[in-house]
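What follows is a set of notes on a single structure, which appears directly below.
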Amino acid sequence: GAGTFRYGEIQWHSEGNAVSFTIEAAFRRSQVSEWAFRGSAPDGFAAVGDVVVLASREPPQFFYGNGQVERVLRMEVQSISVRDDWIRGVVRLPPHTYPSATDEGRPWVAQFTGCCRLTGLRNNAGLQWALAADIDLTRAAASPKASIVPVLAVLYDPVERPKPTFHVAVDDPTSVQWALGKPAFVGGAVSLNASRSAYLAVPLRPHADALATTDCVANSAAPACLFAVLTAARADVQGMTLEGWVKASAAGGYVLSTGAGPGVCPHGAQAEAVRRCSIAAIYIRVTPTHVYVGQEQPSALPPYATRSESAWDLCASSATLCERLRSYDAAAEGTITNKWVHIAVVRSPAPDNSACPGGVALVHRLYVNAINLGEQGPLCLRNSDGLFASDASLIFGAYRPSPPTPSTHTQLALAEWRLWHGVRTAAKIELLLLQRVQPESAASQGDLTSGAVTPGTFGVAAVLVALYDFTIPCPEGEVGCTVTSISPLYPLDTAEKALLRAVAPAGAQAAETDSTGAMFWRPAVDLMEGVDPTGRVTMAPAEGPGLYQVTVYLSHEG
């Protein structure tokens with residue numbers, strides 16, 4: 001059916017750790033389907049005073065952020081417009097008690113989610129929505145409250161008034177700050193400074209050891225299965241998807257690879273040290289205009305490894321992507337330099353393995369901002385004894401960072417990296433592109449963390465093995481604090497979480513994602529230009545006249 005969601009806002013107030021949430025929302029009124037908002041009006045639809053259950057293709061739900069979910073939301077209708085075809089109302093939730101004032105130093109993140117946005121929108125039509133509220137009870141006892149109607153008419157003329165404005169008023173006695181919607185609720189980021197030789201490393205040795213006793217069908221999300229797909233260690237473990245947000249400098253460099261992490265490689269012979277410790281079973285590197293995916297093979301001669309890679313020219317691969325890159329920053333001529341971009345690499349066995357006798361021929365498909373740039377390969381990976389890269393680490397932000405091999409470090413920031421066993425389809429990549437994945441939200445985001453991935457189903461099935469949201473809590477008043485390790489947000493199991501902890505030998509720093517909205521892409525490119533300190537939003541509606549959705553954050557000053 002057609003999408004119905006028009007508008008929403010989350011408000012909250014607290015008494016101690018008990019928080020009461022109110023959701024204001026507006027929907028299309030007259031949809032004729034099992035999701036219709038039936039009521040007491042003469043036309044059979046909802047009228048003022050009716051209470052309706054929110055329903056749609058994916059029923060709206062409210063996630064408190066600590067594992068608790070409200071799955072049935074009842075809205076009291078407070079206003080309607082028959083002419084403009086909308087209803088607006090309020091959902092009042094019972095007080096919810098959090099176990100602590102913050103989530104280990106970070107705000108609790110509550111979300112109101114569902115599908116789908118109004119079909120007639122000029123931006124993001126028919127897609128999921130996810131409204132978020134940050135709750136830090138050490139800083140505030142209540143949220144600001146906006147005062148705005150669900151549909152605003154603004155003057156627009158492509159020549160005389162190409163950038164219309166509107167004001168987001170607030171009803172709050174304290175000082176309030178306005179900001180354009182943060183990037184897709186992906187939380188914080190981690191910054192890796194090349195001049196400090198910073199990088200992150202997840203040791204693979206424990207995963208290699210566990211693989212011998214792991215059934216990767218019955219337990220497809222086990223960390224050992226990630227090692228298996230990274231290194232092609234077992235024929236029954238196939239298909240891998242690596243995806244996340246990256247912002248790299250003009251120098252570009254390695255986003256992800258396998259290689260020697262901190263510590264001493266236990267193999268003295270150089271050839272064996274390369275094969276077991278420093279070799280790249282896979283790598284992703286970027287330049288301003290290209291993305292490369294490659295891998296290395298052991299060699300009998302120095303430097304004891306040979307590489308093969310596939311390259312995608314971003315603008316040559318997709319005119320759509322190139323246009324968006326140029327629209328976002330025309331001066332950079334379609335490059336990804338200093339822009340947040342979402343990269344997804346899907347690796348799977350090639351249909352024909354004849355090009356790789358004694359190994360596995362692998363093909364790679366690349367998506368940038370969910371735009372399919374095509375498949376390339378095959379590349380050959382041989383791991384006959386399962387020991388290939390068994391003493392390596394999964395590296396973020398560097399290539400062979402540990403001596404004695406020459407190292408290459410990358411100046412970049414990372415946010416929301418997800419590692420999957422199995423193939424994520426284009427539709428699934430796009431579905432979660434603009435959301436922050438939270439394991440307790442699996443019901444609204446699909447079944448992400450369970451299920452069997454087999455050699456027969458890996459092409460359409462995938463389970464989440466690891467999720468690094470890179471949101472790093474800093475001490476009060478400290479910005480860009482340095483950390484020495486980062487735990488994944490998923491898995492939830494304490495022992496498996498410890499196995500996937502990323503260490504930062506040279507120090508990584510907490511960073512912000514992009515408050516300009518650039519990670520939203522369509523809203524950033526086609527819709528929102530900025531918001532001033534008084535709450536006046538300036539639009540840039542490149543799609544011309546029509547109905548748009550705008551995301552604005554309100555926060556108490558400081």
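The values are calculated or read from the model by the stated rules, or taken from the named source; none is laboratory data. What you see is a predicted model; the values in this text were computed from it and never measured. So basically every Cβ, Gly included, is an ideal-geometry build from the backbone, and we count neighbours across all protein chains shown. Ligands, DNA and RNA are excluded from the accessible area calculation, which covers all protein heavy atoms including side chains. Shrake-Rupley method; radii C 1.70, N 1.55, O 1.52, S 1.80 Å.
Computed FRET efficiency, Cβ-Cβ of A250 and V460, R0 35 Å: what is it to the nearest 0.05?
In this case the efficiency is close to 0.35.
What shape does the stretch 46-124 take by its C-alpha gyration tensor, where a ≥ b ≥ c are the square roots of the eigenvalues and a/c under 1.5 counts as rounded, a/b above b/c as prolate, and the rest as oblate?
In terms of gyration-tensor shape, prolate.
What is the sum of charges around A146, taking Lys and Arg as +1, Asp and Glu as -1, for the other residues whose C-beta is under 10 Å from the C-beta of A146? Intermediate values should be presented prior to the final figure.
Numbers: positive: K145; negative: E9, E24, D171, D172.
The answer is -3.
If you take the charge dipole of the chain about its Cα centre, with +1 on Lys and Arg Cβ and -1 on Asp and Glu Cβ, which of C481, L118, S257 is farthest toward its positive end?
S257
Say the dipole of the chain comes from +1 at the beta carbon of Lys and Arg and -1 at that of Asp and Glu; which of V286, V360, A504 then lies farthest toward its positive end?
My answer, from the dipole projection, is V360.
Per residue, how much accessible surface does the chain expose to a 1.4 Å probe? Answer in Å², no decimals.
Heavy-atom SASA per residue in the chain reads 40 Å².
So if each residue of separation counts as 0.36 nm, and I subtract the Cα-Cα distance between Q68 and A495, what length gain in nm does that give?
Details: separation 427, 0.36 × 427 = 153.72 nm, distance 2.30 nm.
This chain segment gains 151.4 nm when fully extended.
Given axes a ≥ b ≥ c from the Cα gyration tensor, I'd like to know whether the stretch 219-317 is rounded (a/c under 1.5), prolate (a/b larger than b/c) or oblate.
Numbers: a/c = 1.84, a/b = 1.28, b/c = 1.44.
Oblate.
Quick one: if you take sqrt(5λ) for each eigenvalue of the C-alpha gyration tensor of the chain, what semi-axes come out, biggest first, whole angstrom?
In descending order the semi-axes read 43, 24, 24 Å.
Provide H421, H556 ordered by accessible surface of protein heavy atoms (probe 1.4 Å), highest first.
The ranking, largest first, comes out as H556, H421.
What does the helix-only formula give at 222 nm for the chain: each DSSP H stretch with n ≥ 4 adding -39500 (n - 2.57), the total divided by the residues, and the result rounded to the nearest 500 deg cm²/dmol?
Values: 9 runs with 55 residues, N = 558.
Estimated from H runs of four or more residues: -2500 deg cm²/dmol.
For V503, V368, what's the largest-to-smallest order of accessible area, 1.4 Å probe? If you can, show how the numbers build up before the last one.
Numbers: V503 45, V368 5 Å².
Largest accessible area first, the residues go V503, V368.
Below 20 Å, Cα to Cα, which lysines can K339 reach? Residues fewer than 8 away in the same chain don't count.
Hits, sequence-local ones excluded: K182, K247.
Tell me which aspartates and glutamates have Cα within less than 15 Å of K163's Cα, excluding those fewer than 8 residues away on the same chain?
Correct list for K163: D526, E529, D532, E543.
Rounded, prolate or oblate: which one fits the stretch 223-280, using the alpha carbon gyration tensor with axes a ≥ b ≥ c (rounded when a/c is under 1.5, else prolate when a/b beats b/c, else oblate)?
Working: a/c = 2.61, a/b = 1.13, b/c = 2.31.
Since a/c reaches 1.5 but b/c is at least a/b, the shape of the stretch 223-280 is classed as oblate.
Where in the stretch 331-361 does the amide nitrogen come within less than 14 Å of the point 7 Å from the Cα of S384, taken along Cα to Cβ?
356-360
If the chain between V151 and E333 were fully stretched, how many nm would it gain, using 0.36 nm times the residue separation less the Cα-Cα distance?
Details: separation 182, 0.36 × 182 = 65.52 nm, distance 3.55 nm.
Additional length available on full extension: 62.0 nm.
Choose one of A305, L412, Y7: the residue whose Cα lies farthest towards the positive end of the charge dipole of the chain (beta-carbon charges +1 Lys, Arg; -1 Asp, Glu; about the Cα centre).
A305
So what's the net charge close to H267: Lys and Arg +1, Asp and Glu -1, counting the other residues with Cβ under 13 Å from its Cβ?
Values: positive: R205, R275, R276; negative: E272, D391.
Around H267, the surrounding residues sum to +1.
Report the gain in length on full extension from R139 to E104: 0.36 nm times residue separation, minus Cα-Cα distance, nm rounded to one decimal. Show your work: numbers first, answer last.
Values: separation 35, 0.36 × 35 = 12.60 nm, distance 1.42 nm.
Length difference between fully extended and current span is 11.2 nm.
May I ask for the angle, rounded to the nearest 10°, between helix 319-328 and the longest principal axis of the chain, with both axes built from Cα atoms and the value confined to 0 to 90°?
70 degrees
Could you work out how far the C-alpha centroid of the stretch 58-83 sits from that of the stretch 260-315, in angstrom?
Rounded to whole Å, the Cα centres lie 49 Å apart.
Normalised by the residues of the chain, what does the relative contact order come to in percent, with Cα pairs under 8 Å and at least six apart?
20 percent
So, counting K/R as plus one and D/E as minus one, what does the shell of residues with Cβ under 14 Å around P455 add up to?
Summing Lys and Arg as +1 and Asp and Glu as -1 gives -1.
Round to a whole number: what % of the accessible area of the chain belongs to carbon and sulfur, probe 1.4 Å?
53 percent
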